[in-house]
Amino acid sequence: MAIVTLCPQCQTAFAIQAEHYSAADAWVRCGRCAHVFEVDQHLFELDGEPQVPVVNERPVAKYLAATTAPTVGVTQSAIHPGVWLAAFSVVLLGLQSLVHSRDHLAATVPELRSALSALCEPMNCEVRWPMSPDKVSMETGTFKRIDANLYSFEGVIKNTSEFPVWMPTLELTLTDSDDTAVVRKVITPSDMGLTDGLRASRSQGFEIKFTVDSAFASRIIGYRSVLFYP
């Protein structure tokens, strides 16, 4: 003969022993519907061994778990919504990290470039060579006057990194005898004809020509150059 308790909410029967419900002051939680009820108010005697109830096609525990708190019971198999939210947040942060570092990843691991490009497509971003201001420098520079107010600047930009980098922009400052700025010009990679990136551990030369207003041309005797990423 077996003693069972019947959940008043879902009518699921559970085989129990006296010590299981006495330890919880007769309060238990149903492992199928999570309803909390008093065991001793729903006790029955059955001949033979009762059938084990099934929840989501998995058998629940034969005995109801009972402790001193009314919230204990058979563990439910459903995953708490908070777990899904936490997992989604981790995945989202991972995707954001990939997008943020996509240029550097594509340069250091070329096999990832096509996958990163596919990831960027719905986000309206693109995979380019990384910007590494600490890895590029002006190796040489030559400034000269060609005509009354026509000048040229020739330079060589060097990439010291082990991967290709995005071509930097050049700020050229023309100075007077006191090294005071007279004219500043911002020269883009397109102006220099360098739009394909700078290869690893390589140098790239360029030459630009430009005019200066005749009111300032007579004061110009020197220059300063700075490479930067806008």
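The values are calculated or read from the model by the stated rules, or taken from the named source; none is laboratory data. Quantities reported herein were computed from a predicted structural model and do not represent experimental measurements. Don't worry about glycine lacking a Cβ; one is built from the backbone with ideal geometry, like all the others, and counts go over all protein chains shown.
The table that follows gives values for the structure above.
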| read-out | value |
| --- | --- |
| Hey, Asp179 at pLDDT 90 or above, on the phi > 0 side of the Ramachandran plot and exposed (fewer than 14 other Cβ atoms within 10 Å of the Cβ) or not | yes |
| Failed item in (1) at pLDDT 90 or above; (2) surrounded by fewer than 17 Cβ atoms within 10 Å (Cβ to Cβ); (3) over 25 Å from Thr108 (Cα atoms), with Met192 passing the rest | (2) |
| Output for region 139-162, where each listed residue is surrounded by 20 or more Cβ atoms within 10 Å (Cβ to Cβ) and either of a type outside the set (A, V, I, L, M) or within 19 Å of Val212 (Cα to Cα) (or both) | Tyr151, Phe153, Gly155, Asn159 |
| Residue ID - surrounded by the fewest Cβ atoms within 10 Å (Cβ to Cβ), chosen from residues in region 195-213 that are touching a Leu at 6+ places or on another chain (Cβ under 9 Å) and among the aliphatic types (A, V, I, L, M) | Ile208 |
| Filter result (within 16 Å of Trp129 (Cβ to Cβ) and in contact with a strand residue (DSSP E or B) (Cβ under 9 Å, 6 or more places away or on another chain)) within region 172-195 | Thr188, Pro189, Met192, Leu194 |
